[in-house]
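Colleague: Please see the structure below; I have some questions.
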Amino acid sequence: MFWINTKRIFKFGLVNFWRNGLVSFASVMSMSFTLFVVGGLFLANNFMNSALDEVKSKVDVSISFKTDAPGGDIEALKNELALLSEVKEVIYSSRESELANFRERHKDNEILMQSLDEVGNPFGARLNILAVDPDQYDVITRFVENKTSPELGGDQIIDQVSYKKNVVDKLLRLIETSQKVSFGISFVLALLAILVVFNTVSLAIYTSREEISVMRLVGAGNFYVKGPFVIEGIVSGVLSSFIALVALYPAAIWVRDLTAGVYGGVNLVSFYTANFGKIFLILLLTGVILGLIASFWATRRYAKV
Amino acid sequence: MIYFDKVTKVYPNAKALEDVTFTVESGEFVSIVGHSGAGKTTLLKMILAEDKPSAGQVFFDSINIHKTNRRDIPRLRRRIGSVFQDFRLLPNKTAYENIAFTMVAAGRSDEEIALDVPHALELVGLGDKKWNFPSELSGGERQRVAIARAIINQPDLLIADEPTGNLDPIAASEIIEIFKKINEIGTTIILTTHNKKIIDSLGRRVLTLDQGHIARDDKDGQYVI
């Protein structure tokens, strides 16, 4: 009996959805909008995170050594740094590879190349230090500065310690703020959209309250009165998640083209295609849950008689 | 079958029923007459458990309607067929589906539904309109769908609240003829109406309500107001 009942509820729900044409269309549209916002939020959050990671990975402290610094001393400092818990990685770059890098960067500049040939290798070796967390660069630079103090003879091997602290700090703060702002905006938008969905669905049920009272009067139990509305809610949710999923693709392209100049490495479209299943699942689940809650809530409100 | 025991119903700004006591026996055809606002519809609402009395009790057989668990009310309503002045059909369902829905609600099988619904539609003379939506039917036709719906589960009691109120005289008398037939096969009928002609032609028991009181109870009554 339960199986027959469920089958009938599904049929009623689907038929009602179809016959309610305009009202169903309105709920699907408002729900699609909500899901679009949810999907957009997910994509934007990912965008911000990867941008942040990108910046974090580019931040480092670099120590350039004098050309005559002994390899053993450099190796010792490197090992010492690598032992610090704040340090994620220490990358050693030899004099030769520094020269090669420089040549590569300026290979079109003939005068520079010629003078290089005359001078020989003017570069010292270099250590690039990556921190576990950008906040820890202060600790690392302090450590390095102590090492390079003249009393310890550090100035004999180290030429320069460079750290683009201000730029990095500003960038980090900018990203964090924009993350907060975008989260706030998305939260408000999502809240608004959810309210719109609730209103549309409850409006749909409100217009059916006469119908609900008739069902009650012919002796229909809760299952038959509320069931079809719940199915309608789920159908709206599923359809809306498809629409939102399709609509997110051109939106991702638009954002990619818009931000192409800002972060070359971040590509929303490839993220979208790579995580298609995940995004679809998130939207589908959100849609179905939204539809369920809205229809439950509205039937509770209007299905008394 | 139906027993009203000193029923009073007070709305915030009006008294709809006051100390109403009467009994309807199984198989009776009772008409309730009275001016608008005399309390006729309120009385029917009590039987359908659509509304609660402020004082007193209403019994359906031995069931105290308003002491019944909310969950058991659908089962009670399935024993009562109801017909209203404004038809109250489901607008999104065809004539066939409207009737079938009542059977679905009562937990009947698909086979029973496929067998009984066409039969009921034939009975009310709408065999050729089963796939029409209510909006595509005339008032008289809609009321006949409503009657077919009301009797499809073979209820013990049929309640009709001004069923001819929105119909022309010919359609109205056709509806009354259908009611008579239903009564003949043993269904108890409670009918409210304004229509003197109908009451006089029926020649059955008439309860006259006046300002919430039972003013008269005539065995083979005439319309006296």
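Colleague: Place the peptides A:30-39, B:22-31, B:76-85 in order of packing, highest mean first, counting for every residue the other Cβ atoms within 10 Å and averaging per peptide. Display every interim value, and only then the final one.
Modeller: Details: A:30-39: 24.0, B:22-31: 16.5, B:76-85: 22.1.
With the highest mean Cβ count within 10 Å placed first, the list reads A:30-39, B:76-85, B:22-31.
Colleague: Another question, if that's okay. What aspartates and glutamates could a cross-link reach from B:LYS129, if we take a straight Cα to Cα line under 19 Å and drop same-chain neighbours fewer than 8 places away?
Modeller: Filter leaves B:GLU97, B:ASP116, B:GLU141, B:GLU174.
Colleague: A further question on this structure: Angle, helix B:110-123 long axis vs. longest principal axis of chain B, Cα atoms, 0 to 90°, nearest 10?
Modeller: That helix lies at roughly 70 degrees to the long axis.
Colleague: Once you have the alpha carbon radius of gyration of region B:105-225, what is it after dividing by 2.2 N^0.38 Å, with N set to its residue count? Walk me through the intermediate numbers first.
Modeller: Numbers: Rg = 16.0 Å, N = 121, 2.2 N^0.38 = 13.6 Å.
For region B:105-225, the normalised Cα radius of gyration comes out at 1.17.
Colleague: Give the ranking of B:LYS196, A:LYS11 by solvent-accessible surface, highest area first, calculated with a 1.4 Å probe. The partial results should precede the final answer.
Modeller: Values: B:LYS196 105, A:LYS11 135 Å².
Descending accessible area places them as A:LYS11, B:LYS196.
Colleague: Give the ranking of A:ILE194, A:ILE293 by solvent-accessible surface, highest area first, calculated with a 1.4 Å probe. Walk me through the numbers before you get to the answer.
Modeller: Working: A:ILE194 65, A:ILE293 90 Å².
The most accessible residue leads, giving A:ILE293, A:ILE194.
Colleague: Pairing the Cα long axis of helix B:95-105 with the longest principal axis of chain B, what angle in degrees results, from 0 to 90 and rounded to the nearest 10?
Modeller: Tilt of helix B:95-105: around 70 degrees.
Colleague: Which helices, taking whole DSSP H runs in chain A, have alpha carbons extending 24 angstrom or more along the helix axis plus mean Kyte-Doolittle at least -1.0? Intermediate results must be reported in sequence, preceding the final value.
Modeller: Values: long enough: A:2-19 (25 Å, 0.08); A:21-58 (54 Å, 0.87); A:165-207 (62 Å, 1.18); A:222-259 (52 Å, 1.16); A:276-302 (38 Å, 1.43).
Span-like helices in chain A: A:2-19, A:21-58, A:165-207, A:222-259, A:276-302.
Colleague: While we're on this one: Can you give the calculated 222 nm mean residue ellipticity of chain B, where each DSSP H run of n ≥ 4 adds -39,500 (n - 2.57) and the sum is split over every residue, rounded to the nearest 500 deg cm²/dmol?
Modeller: Values: 7 runs with 74 residues, N = 225.
Estimated from H runs of four or more residues: -10000 deg cm²/dmol.
Colleague: Please list A:LYS7, A:LYS88 in order of solvent-accessible area, largest first, computed with a 1.4 Å probe with all protein chains present.
Modeller: Numbers: A:LYS7 110, A:LYS88 140 Å².
Reading off the accessible areas and sorting them downward yields A:LYS88, A:LYS7.
Colleague: Computed over the Cα atoms, what is the radius of gyration of chain B divided by 2.2 N^0.38 Å, N being its residue count?
Modeller: On the way: Rg = 17.2 Å, N = 225, 2.2 N^0.38 = 17.2 Å.
Relative to the 2.2 N^0.38 Å estimate, chain B comes out at 1.00.
Colleague: Right, another one. Is there a pair in B:LYS67/B:LYS196; B:LYS196/B:LYS219; A:LYS226/B:LYS67 whose C-alpha atoms are over 28 Å apart, and which pairs would that be? Kindly include the intermediate steps, with their values, before the conclusion.
Modeller: Numbers: B:LYS67/B:LYS196 36 Å; B:LYS196/B:LYS219 16 Å; A:LYS226/B:LYS67 24 Å.
The answer is B:LYS67/B:LYS196.
Colleague: Just need the Rg to Rh number for chain A, please, alpha carbons only, Kirkwood Rh. Before the final figure, lay out each step's value.
Modeller: Numbers: Rg = 31.2 Å, Rh = 24.6 Å.
Answer for chain A: 1.27.
Colleague: Moving on to the next point. Quick one: accessible area per residue over region B:89-154, 1.4 Å probe, rounded to a whole number of Å²?
Modeller: 39
Colleague: Let me ask another. When the helices in chain A are scored as -39500 (n - 2.57) per DSSP H run of 4 or longer and the sum is shared across all residues, what 222 nm value do you end up with, to the nearest 500 deg cm²/dmol? All intermediate terms of the calculation are to be shown ahead of the outcome.
Modeller: On the way: 11 runs with 226 residues, N = 305.
It lands at -25500 deg cm²/dmol.
Colleague: Which residues, if any, in region A:196-241 have at least 10 Å² less accessible area in the whole protein complex than in the isolated chain, probe 1.4 Å?
Modeller: Going by heavy-atom accessible area, the residues of region A:196-241 that drop by at least 10 Å² are A:GLU210, A:GLU211, A:SER213, A:VAL214, A:MET215, A:ARG216, A:LEU217, A:VAL218, A:GLY219, A:ALA220, A:GLY221, A:TYR224.
Colleague: Still on this structure, I have one more. Can you compute the modelled spin-label distance between A:ILE4 and B:MET1, with each label point 7 Å from Cα toward Cβ, in nm?
Modeller: For the pair A:ILE4/B:MET1, the computed spacing is 2.7 nm.
Colleague: Probe 1.4 Å, all protein chains in place: accessible area of A:ASP133 in Å², nearest 10?
Modeller: Roughly 60 Å² of A:ASP133 is accessible to a 1.4 Å probe.
Colleague: Calculate the spin-label point distance for A:SER94 paired with A:ASN146, positioning each point 7 Å from the Cα along the beta-carbon direction, and give it in nanometres.
Modeller: 3.2
Colleague: Buried accessible area for the A:B pair, summed, 1.4 Å probe, in Å² rounded to 100?
Modeller: Details: alone 18000 and 11030 Å², together 26900 Å².
Summing both sides, the interface buries roughly 2100 Å².
Colleague: Ignoring everything but the protein chains, give the 1.4 Å probe accessible area of A:LYS78 in square angstrom, nearest 10.
Modeller: Rounded to the nearest 10, the figure is 60 Å².
Colleague: Against the longest alpha carbon principal axis of chain B, how many degrees, from 0 to 90 and to the nearest 10, is the axis of helix B:169-184 turned?
Modeller: For helix B:169-184, the angle is close to 80 degrees.
Colleague: Nearest 5 is fine: what % of DSSP beta bridges in region A:60-163 come out antiparallel, could you say? Don't skip to the answer; put the middle values down first.
Modeller: Working: 15 of 15 bridges.
Roughly 100 percent of the beta bridges in region A:60-163 run antiparallel, per DSSP.
Colleague: Roll a 1.4 angstrom probe over the protein heavy atoms and tell me the percent of accessible area of chain B that is carbon or sulfur. Walk me through the numbers before you get to the answer.
Modeller: On the way: 4810 of 10010 Å².
That share works out to 48 percent.
Colleague: Would you mind calculating the gained length between A:ILE293 and A:ARG103 on full extension (0.36 nm times residue separation, minus the Cα-Cα distance), in nm to one decimal?
Modeller: Numbers: separation 190, 0.36 × 190 = 68.40 nm, distance 6.45 nm.
Stretched fully, the A:ILE293-A:ARG103 segment lengthens by 62.0 nm.
Colleague: Comparing the chain by itself with all protein chains present, which residues of region B:75-112 are at least 50 Å² less accessible (probe 1.4 Å)?
Modeller: Buried by 50 Å² or more upon assembly, which counts only protein chains, are B:ARG77, B:ARG88, B:LEU90, B:ASN92, B:LYS93, B:PHE101, B:VAL104.
Colleague: When a/c reaches 1.5 or more, the comparison of a/b and b/c decides; with that in mind, is region A:60-163 rounded, prolate or oblate per its Cα gyration tensor? Working shown, then result.
Modeller: Values: a/c = 2.50, a/b = 1.71, b/c = 1.46.
It comes out prolate by the Cα gyration axes.
Colleague: Something else about it: Indicate, rounded to the nearest 5 percent, the antiparallel portion of the DSSP beta bridges found entirely in the protein assembly as shown. Intermediate values should be presented prior to the final figure.
Modeller: Values: 34 of 52 bridges.
Roughly 65 percent of the DSSP beta bridges within the protein assembly as shown come out antiparallel.
The values are calculated or read from the model by the stated rules, or taken from the named source; none is laboratory data. Please read all numbers here as calculations on a predicted model, not as lab measurements. With ideal geometry, Cβ positions are generated from the backbone for all residues, glycine too; neighbour counts draw on all protein chains shown. Surface areas here come from the heavy atoms of the whole protein model, side chains and all, with no ligands, DNA or RNA. Shrake-Rupley method; radii C 1.70, N 1.55, O 1.52, S 1.80 Å.
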